[in-house]
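Following: one structure in structure tokens, then a few remarks.
The values are calculated or read from the model by the stated rules, or taken from the named source; none is laboratory data. Since the structure is predicted, the reported quantities are computational estimates derived from the model, not experimental observations. Cβ placement follows ideal geometry from the backbone for every residue including glycine, while neighbour counts extend to all protein chains displayed.
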Amino acid sequence: MALVHVVASAHRSGMRMFSDTSRLYAYSSIYMRLALSAGFLSAVTDRLGLWGPYGAPNVAWGDMQHFLTYVGKLNPWFPEPMIPFVGALVTVIESALGISLLIGFRTRRAAQLAGWLVLAFGIGMTVGTGFKSALNASVFVFSGGAWLLAAAKECPISVDTLKRSTSVEPRAAIRRATRA
């Protein structure tokens, strides 16, 4: 009961943990960017064998061949000869998204693409291995997080912010010079 009283009292006083003006809210996009990036880059490095061989603890695939077998299971609608292409394409896309999110380059677009890609992955998991495996892997949470990042008002500490701040300064200088 005491917790309910504290929460109700904080709400009445206008104190909110994630208000639009809160520093915590503004910097939550950094956390989401890094978490999504880590998810993509960890998966890519796993299939490239950087986490160890297949069968080692916490290694899902260990090499491209085991990964491609999994890709085939998740994509029964593709003909078998297409699976290596699909696996390679997804690996390239996940690498690009992981790096883009890590440095905050075109963050909104990368987050949107990540949301769609992981949603497609979740659908594939549901079809190929069952809904429970998609829930266990938290792919719908991952996808939802990507969509929330895409909707973020700002992405501090990113290439996007750096580009915006450097491109605004020359424009402001030009405006001042033309007014004089």
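So the values come out like this:
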{"read-out": "Verdict on Ala96 being modelled with pLDDT under 95 and not acidic (Asp, Glu)", "value": "no"}
{"read-out": "Helices (runs of 4 or more DSSP H) within the stretch 114-180 that include 1 or more residues under 17 Å from Gly39 (Cα atoms), at pLDDT 95 or above and among the polar types (S, T, N, Q)", "value": "139-150"}
{"read-out": "Test: residue in the stretch 114-132 that is touching a Ser or Thr at 6+ places or on another chain (Cβ under 7 Å), among the β-branched types (Val, Ile, Thr), in contact (Cβ under 8 Å) with a residue 24 or more places away in the chain and closer than 30 Å to Ala26 by Cα", "value": "yes"}
{"read-out": "Test: residue in the stretch 50-60 that is at pLDDT 85 or above, within 21 Å of the chain's Cα centre (by Cα) and buried (at least 16 other Cβ atoms within 10 Å of the Cβ)", "value": "yes"}
{"read-out": "Any hit, the stretch 69-90, residues being assigned to a helix (DSSP H, G or I) and in contact with a Lys or Arg (Cβ under 7 Å, 6 or more places away or on another chain)", "value": "no"}
{"read-out": "Selection within the stretch 107-125 - crowded, with 17+ Cβ neighbours inside 10 Å and more than 23 Å from Asn136 (Cα to Cα)", "value": "Thr107, Ala110"}
{"read-out": "Among (1) under 11 Å from Leu36 (Cβ atoms); (2) surrounded by 20 or more Cβ atoms within 10 Å (Cβ to Cβ); (3) of a type in the set (A, V, I, L, M), the one test that Val90 misses", "value": "(1)"}
